[in-house]
1. Can you run down the residue pairs with Cβ atoms below 6 Å, 6 or more apart or on separate chains, where the first is in the range 98-114 and part of a loop (DSSP other than H, G, I, E, B) and the partner is at pLDDT 95 or above and open to solvent by less than 20 Å² (accessible area, probe 1.4 Å)?
2. Looking at the range 63-87 only, could you name the residues that are surrounded by fewer than 20 Cβ atoms within 10 Å (Cβ to Cβ) and modelled with pLDDT of 95 or more?
3. Of the residues that make up the range 274-284, is at least one under 28 Å from residue 182 (Cα atoms), in a helix (DSSP H, G or I), modelled with pLDDT of 85 or more and within 20 Å of the chain's Cα centre (by Cα)?
4. Give the residues of the range 145-198 that are hydroxyl-bearing (Ser, Thr, Tyr) and either buried (at least 24 other Cβ atoms within 10 Å of the Cβ) or in contact with a Lys or Arg (Cβ under 7 Å, 6 or more places away or on another chain) (or both), sorted by residue number.
5. Could you count how many residues in the range 1-17 are open to solvent by less than 50 Å² (accessible area, probe 1.4 Å), in a loop (DSSP other than H, G, I, E, B) and under 18 Å from residue 83 (Cα atoms)?
6. Mind listing whichever residues of the range 67-90 are β-branched (Val, Ile, Thr) and over 21 Å from residue 131 (Cβ atoms)?
7. Could you pull out the residue among 155, 188, 180 that is out of contact with any Ser or Thr (no Cβ under 9 Å at 6 or more places or on another chain), in contact (Cβ under 8 Å) with a residue 12 or more places away in the chain and either in a loop (DSSP other than H, G, I, E, B) or within 17 Å of residue 113 (Cα to Cα) (or both)?
Amino acid sequence: MTSINDCKLYVITGENYHRGRELLDVMEAAIRGGADIVQLRDKDAAPAELLEKARALRELTRRLGVLFIVNDHPGIALESDADGVHLGQDDLPIEDARRMLGPERIVGISTHSIAQARAAEKAGADYIGVGPVFPTGTKPGRAAVTTAYVAEAAAEIRIPLFAIGGIHPGNADEVLAAGAKRLCAVSAVVGSPDPAAVCRDLRERIERRWGGGLGRGESDGARQAATSIVLNGRPGTTAAATLLGLAEELSLGEKRVVAERNGVVVPRAAWPETEVAEGDRIEFVHFVGGG
């Protein structure tokens, strides 16, 4: 069975996003696409129904060798023999959940600020969720924490963190460039007609950015092997997987710059999806002042 420290892609159930398709079919597709941790989240189900779903997902995840987490309910996690529980800030305290579940099961918690992340780590959480990074229908009314909090948590917190909230293939590179090494998705995966394809896409982006090293205590600077490029006319190397990542590496992410890749101007909105490849010739033109 996978360790939480090795997990890269976390997928949460959301049956309202795939009406007409069976829960187990959707989640099996996600797992086969690369999800290595699955959470059952159902705010409306009665306890008996929730336990039935938990037991079915426990059987599926055990057969496919991935971790299984139950949202909110340590008791259901125990009854279904889940690998752990995920808590919200208003749920049972981490210490109480740990007493219920014991030292071997996983206790994770959602965080929305660096103060909450620090408190979770101090209380003994095994991982944290960092978000919502972008506005999301799964957390209506909650303000997005933006990639600024992702960067803050990635620089300081040593337990695994999963960036979550409105993340999809079109913006995942931006989140990874901010320092996230693990992603969590709901609607982008389970709401897709092809959950496996979305998971493959997200997982490939994670691995392009960070390679395989995700262990506890890993240096934040660890990345994939350097790519040789020509930058502003000079040969060099970069660990960035995308044009946005390269701009962040050069501290140009917030500056007034125009980017050109192999003689073609790349709009800023396309930077997160524009891959940096061996031998690319990249120019950043930095504009200063107005007019």
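1. 105/84
2. 75, 78, 79, 81
3. No; the residues of the range 274-284 include none that is under 28 Å from residue 182 (Cα atoms), in a helix (DSSP H, G or I), modelled with pLDDT of 85 or more and within 20 Å of the chain's Cα centre (by Cα).
4. Within the range 145-198, none qualify.
5. 5
6. Of everything in the range 67-90, just one residue is β-branched (Val, Ile, Thr) and over 21 Å from residue 131 (Cβ atoms), namely 76.
7. That would be 155, the only listed residue that is out of contact with any Ser or Thr (no Cβ under 9 Å at 6 or more places or on another chain), in contact (Cβ under 8 Å) with a residue 12 or more places away in the chain and either in a loop (DSSP other than H, G, I, E, B) or within 17 Å of residue 113 (Cα to Cα) (or both).
To keep it simple, each residue is scored yes or no on (1) of a type in the set (Lys, Arg); (2) more than 17 Å from residue 129 (Cβ to Cβ); (3) modelled with pLDDT of 95 or more.
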position	(1), (2), (3)
163	no, no, yes
179	no, no, no
186	no, no, yes
208	yes, yes, no
219	no, yes, no
222	no, yes, no
226	no, yes, no
230	no, yes, no
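The values are calculated or read from the model by the stated rules, or taken from the named source; none is laboratory data. The structure displayed is predicted, hence computed values, not measured ones. Ideal geometry is used to build each Cβ from the backbone, glycine not excepted, and the neighbour counts take in all protein chains shown. In case anyone asks, the SASA skips ligands and DNA or RNA and just uses the protein heavy atoms, side chains included. Shrake-Rupley method; radii C 1.70, N 1.55, O 1.52, S 1.80 Å.
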